[in-house]
Amino acid sequence: MVIILRDNPAQKQIDTLVSWLKEKNLDVHIVKGAGQTIIGLIGDTSKVDMDSIKTMDIVEDVKRIQEPYKNVNRKFHPDDTIVAVVPGVKIGGGNFQVMAGPCSVESLDQVLEIARSVKASGAGILRGGAFKPRTSPYAFQGLGAKGLDILKAAKKETGMPVVSEIMDISKLSLFEDVDIIQVGARNMQNYELLKELGRTHKPILLKRGLSSTIQELLMSAEYIMAGGNSQIILCERGIRTFETATRNTLDISAVPLLKELTHLPVIVDPSHGTGNARLVKPMAMAAVAAGADGLMIEVHNDPVHALCDGAQSLTLEAFGSLMESIAKILPFAYKR
Ligand code: PEP
Ligand code: MN
């Protein structure tokens, strides 16, 4: 981090600033030019509040040279993190996984039919929402604890590990048998939730917020990792833009960029990313080509009657066809 001082600061003011910085365990390097004085900070600046320095009278500007995230930064951890979901099911470091299933758990029969079919098509992980974050309070809110019991039964029957979304940390004990805990787009910046999940040893699927930057996503992952949990999978699921022809704008460039910035695995959700079942396969293929470590796909046995997100849900057959296409391009996927 570099602090640029205003013209001709009094030495006393410089001394006060320098001793304040040293109290924060930072080494300072002062460069006095003809008209400008610059202070370089050496050490871990991730905990330094840039804004409070900027408000000081003698400071003209502050620039970060290092990223504000450390644990998730690839610079400090060059090897890919491999998330071990259950024995034999890994994501990252060359391990590609597809998570598939309904948007919402509706009944045991529904989940079982979908689970058996997506497994036969090659999905490794079953998804299903039990606690649903809906825009309208009058829309189906999910089956709650009963939904998690249904997922548990499907896991027992098929052997597939399961992923489901948590919305409130008070429900954490219900997620004991859930293999991956999902933090949805709307909760990406629920920092109390992230801190608590950081204290667990469960794999966490962290979805990018609707209007979140790549750096904000990485800072949210940093919250989880700072708590001691490094089993984090990032998910690009589309962001809000001016475009209304699709539900969101799927940011495929986030995949190679995230993989450059962080060692964590990155997957893509083209279902929420487009909101349109016809666009799911081409965007899934694009995500794979761009180097994603996996996909999350919404699949329903009867999309027309789905209680949630039917328009973006693939039929069982369409999912099988997507998996065939993915298998063809996977060997040619971009590798950094
Ligand atoms: C979901 O995966 O069911 C979901 C609600 O996704 P998102 O948080 O990305 O909207
Ligand atoms: Mn959904």
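The values are calculated or read from the model by the stated rules, or taken from the named source; none is laboratory data. As the structure is a computational prediction, the values presented were derived from the model and not from experiment. Ideal geometry is used to build each Cβ from the backbone, glycine not excepted, and the neighbour counts take in all protein chains shown. Please note that ligands, DNA and RNA were not included when accessible areas were found on the heavy atoms of the full protein model with its side chains. Shrake-Rupley method; radii C 1.70, N 1.55, O 1.52, S 1.80 Å.
Residue-wise test of (1) β-branched (V, I, T); (2) in a helix (DSSP H, G or I); (3) within 15 Å of ligand 2 (Cβ to nearest atom); (4) open to solvent by 60 Å² or more (accessible area, probe 1.4 Å).
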{"site": "A286", "(1), (2), (3), (4)": "no, yes, no, no"}
{"site": "I297", "(1), (2), (3), (4)": "yes, no, yes, no"}
{"site": "C308", "(1), (2), (3), (4)": "no, no, yes, no"}
{"site": "A311", "(1), (2), (3), (4)": "no, yes, yes, yes"}
{"site": "P331", "(1), (2), (3), (4)": "no, yes, no, yes"}
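Within the group R237, R278, R247, which residue is in contact with a strand residue (DSSP E or B) (Cβ under 7 Å, 6 or more places away or on another chain) and of a type in the set (D, E, K, R)?
On the way: R278 fails: in contact with a strand residue (DSSP E or B) (Cβ under 7 Å, 6 or more places away or on another chain); R247 fails: in contact with a strand residue (DSSP E or B) (Cβ under 7 Å, 6 or more places away or on another chain).
Of the residues listed, the single one that is in contact with a strand residue (DSSP E or B) (Cβ under 7 Å, 6 or more places away or on another chain) and of a type in the set (D, E, K, R) is R237.
Residue-by-condition table, conditions (1) among the charged types (D, E, K, R); (2) open to solvent by 10 Å² or more (accessible area, probe 1.4 Å); (3) within 16 Å of ligand 1 (Cβ to nearest atom):
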residue: T249; (1), (2), (3): no, yes, yes
residue: P256; (1), (2), (3): no, yes, no
residue: K281; (1), (2), (3): yes, yes, no
residue: D302; (1), (2), (3): yes, yes, no
residue: E317; (1), (2), (3): yes, yes, no
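Please find, within segment 140-167, the residue that is nearest to N190 (Cα to Cα) out of those that are hydrophobic (A, V, I, L, M, F, W, C) and open to solvent by less than 30 Å² (accessible area, probe 1.4 Å).
Step by step, filter segment 140-167, then rank; the result is I166.
Collect the residues in segment 262-279 that are more than 29 Å from H77 (Cα to Cα) and either without any contact (Cβ under 8 Å) to a residue 40 or more places away in the chain or open to solvent by 10 Å² or more (accessible area, probe 1.4 Å) (or both), keeping them in residue-number order.
H272, G273, T274, G275, N276, A277, R278, L279 - these are the residues of segment 262-279 that are more than 29 Å from H77 (Cα to Cα) and either without any contact (Cβ under 8 Å) to a residue 40 or more places away in the chain or open to solvent by 10 Å² or more (accessible area, probe 1.4 Å) (or both).
So, in segment 1-27, how many residues would count as being assigned to a strand (DSSP E or B) and surrounded by fewer than 17 Cβ atoms within 10 Å (Cβ to Cβ)?
3
To keep it simple, each residue is scored yes or no on (1) of a type outside the set (A, V, I, L, M); (2) within 26 Å of K328 (Cβ to Cβ); (3) within 14 Å of ligand 2 (Cβ to nearest atom).
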| position | (1), (2), (3) |
| --- | --- |
| Q97 | yes, yes, no |
| A100 | no, yes, yes |
| D109 | yes, no, no |
| I114 | no, yes, yes |
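Can you list the strands (runs of 3 or more DSSP E) lying wholly within segment 77-145 that have 2 or more residues being of a type in the set (V, I, T) and in contact (Cβ under 8 Å) with a residue 40 or more places away in the chain?
83-86, 89-91
Restricting to segment 262-282, give me the number of residues that are away from ligand 2 (no atom under 15 Å from the Cβ), touching a helix residue (DSSP H, G or I) at 6+ places or on another chain (Cβ under 6 Å) and outside any loop (DSSP other than H, G, I, E, B).
3
For segment 187-202, check the following and say yes or no: at least one residue is open to solvent by less than 40 Å² (accessible area, probe 1.4 Å), touching a residue at least 40 places away in the same chain (Cβ under 8 Å) and farther than 24 Å from R240 by Cα.
No: zero hits.
Just need a number here: residues in segment 225-247 that are on the phi > 0 side of the Ramachandran plot and either of a type in the set (A, V, I, L, M, F, W, C) or open to solvent by less than 10 Å² (accessible area, probe 1.4 Å) (or both).
The number of residues fulfilling the criteria is 1.
Specify which of the listed residues (S104, S117, S136, S121) is open to solvent by less than 20 Å² (accessible area, probe 1.4 Å) and assigned by TED's automatic domain parsing to the domain that holds A311.
S104
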